[in-house]
Amino acid sequence: MSHLISVIIPVYNASQFIIANLNSVLSQTYKNLEIILIDDFSEDNSIKIIKKFINSKKKKINIRLISLSYNSGLPSVTRNIGIKAANGEYIAFLDPDDIWHPKKLEYQLSALKSSNSYLCSSYAKDFKNNEYKKYVKKNLSNNNFIFISLFDQMIKYRTPTSSWLISSKVAKKNLFDENIFYKGKEDLKYSIFLHSKYGRSIKCNNTLVFYRNHKNQISKKKILMLSKTMYILIFTQLFNSNFLKIFFPVYLFSNILYYLYYRKKLKML
């Protein structure tokens, strides 16, 4: 456990979920962690709950709370602040309403070392209420992985942000785009950029993240999110390559199916 992993958790009005979220980090079998919470000027009692949690753990955990004096309204801003503050050799992102499997970081760090890759993701499963509790108890399969190319990104977005474990050197050199237009899709833009610049990543063949499905999610606005996806592909990365232009209709068609059917029926990322 010589490698420090920095866990970055953006927080905004997350009082309802943040304790379960933090407990899923503390339950990790890999223990060499620092936790960095960035509160985006919450209007609820998130900060009060977090401070009480930190005080209850005293010096047992390496945890910091960074409180903004304004509301940026952008996950990219709070993630970038976390990246800049991170001391770890690897960085893991976790949205405040999501839950990790206890073996997530252990499996991913092992996979990164064996593959010599810069980014590892995993499968994720939607849940409501407290359904995640039955999922975290399930035994995992062997710790194997697949490679994810830029073309795989075109066919289906395969790297949910809460599943990432990324090299700190790569993350610090390449921050999230803070343009408000990309809100809700800044992770897709970031992932496409990384795969364009650094090549394929890896993905663990296990469900290591549980994605809370609730009414306040930005990603619920499917038509808006799909239009942003198309904008990102057309005007930023993909149309710079004649090869990728050929496969753009395939990507468009697969994304429409993804939004209208795949996510609703199978609830897997």
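Across segment 96-135, the qualifying residues are those that are touching a strand residue (DSSP E or B) at 6+ places or on another chain (Cβ under 7 Å) and farther than 21 Å from ILE146 by Cα, and the one among them that is surrounded by the fewest Cβ atoms within 10 Å (Cβ to Cβ) is TYR135. Looking only at segment 106-132, filter to residues that are touching a helix residue (DSSP H, G or I) at 6+ places or on another chain (Cβ under 9 Å) and assigned to a helix (DSSP H, G or I); which one of those is farthest from SER201 (Cα to Cα)? Step by step, filter segment 106-132, then rank; the result is TYR132.
Scanning segment 159-203 for residues that are under 23 Å from LEU74 (Cα atoms), small (Gly, Ala, Ser) and part of a helix (DSSP H, G or I) gives SER162, SER163, SER168, ALA171, SER191. Figure legend. Inter-residue proximity from segment 122-150: first residues closer than 19 Å to LYS103 by Cβ and modelled with pLDDT of 80 or more, second residues aromatic (Phe, Trp, Tyr) and part of a helix (DSSP H, G or I), beta-carbon distance below 9 Å, spacing 6+ or different chains. Indicated pairs: SER122/TYR107; LYS125/TYR132; LYS125/TYR135; PHE127/TYR135; LEU140/TYR107; ASN143/TYR107; PHE145/TYR107. Residues of segment 151-189 that are buried (at least 17 other Cβ atoms within 10 Å of the Cβ) and at pLDDT 90 or above: THR161, SER162, SER163, TRP164, LEU165, ILE166, SER167, SER168, ALA171, PHE176, ASP177. The single condition from (1) assigned to a strand (DSSP E or B); (2) at pLDDT below 95; (3) of a type in the set (S, T, N, Q); (4) under 13 Å from the mean Cα position of the chain (by Cα) that ASN206 fails is (4). Test ALA85 against the stated conditions and say whether it is touching a strand residue (DSSP E or B) at 6+ places or on another chain (Cβ under 8 Å) and farther than 19 Å from GLN108 by Cβ. Judged against the criteria, ALA85 is a match. Inside segment 66-103, can you point out the residues that are within 24 Å of GLY184 (Cβ to Cβ) and basic (Lys, Arg)? If the condition is that a residue be within 24 Å of GLY184 (Cβ to Cβ) and basic (Lys, Arg), then ARG79, LYS84 are the ones that fit. Please work out if LEU33 is aliphatic (A, V, I, L, M) and buried (at least 18 other Cβ atoms within 10 Å of the Cβ). Answer is yes for this residue. Would you check which residues across segment 76-105 are assigned to a helix (DSSP H, G or I) and closer than 18 Å to LEU26 by Cα and list them? Of everything in segment 76-105, those that are assigned to a helix (DSSP H, G or I) and closer than 18 Å to LEU26 by Cα turn out to be LYS104, LEU105. The set of residues in segment 30-75 that are assigned to a loop (DSSP other than H, G, I, E, B), over 26 Å from TYR182 (Cβ atoms) and in contact with a Leu (Cβ under 6 Å, 6 or more places away or on another chain) comprises TYR30, ASN32. Of the residues making up segment 136-158, those that are in a loop (DSSP other than H, G, I, E, B) and out of contact with any strand residue (DSSP E or B) (no Cβ under 9 Å at 6 or more places or on another chain) are LYS137, ASN139, LYS156, TYR157.
The values are calculated or read from the model by the stated rules, or taken from the named source; none is laboratory data. All of these numbers come straight from a predicted model, not from anything done at the bench. Reconstructed Cβ throughout: ideal geometry from the backbone, glycine too, with neighbour counts over all protein chains shown.
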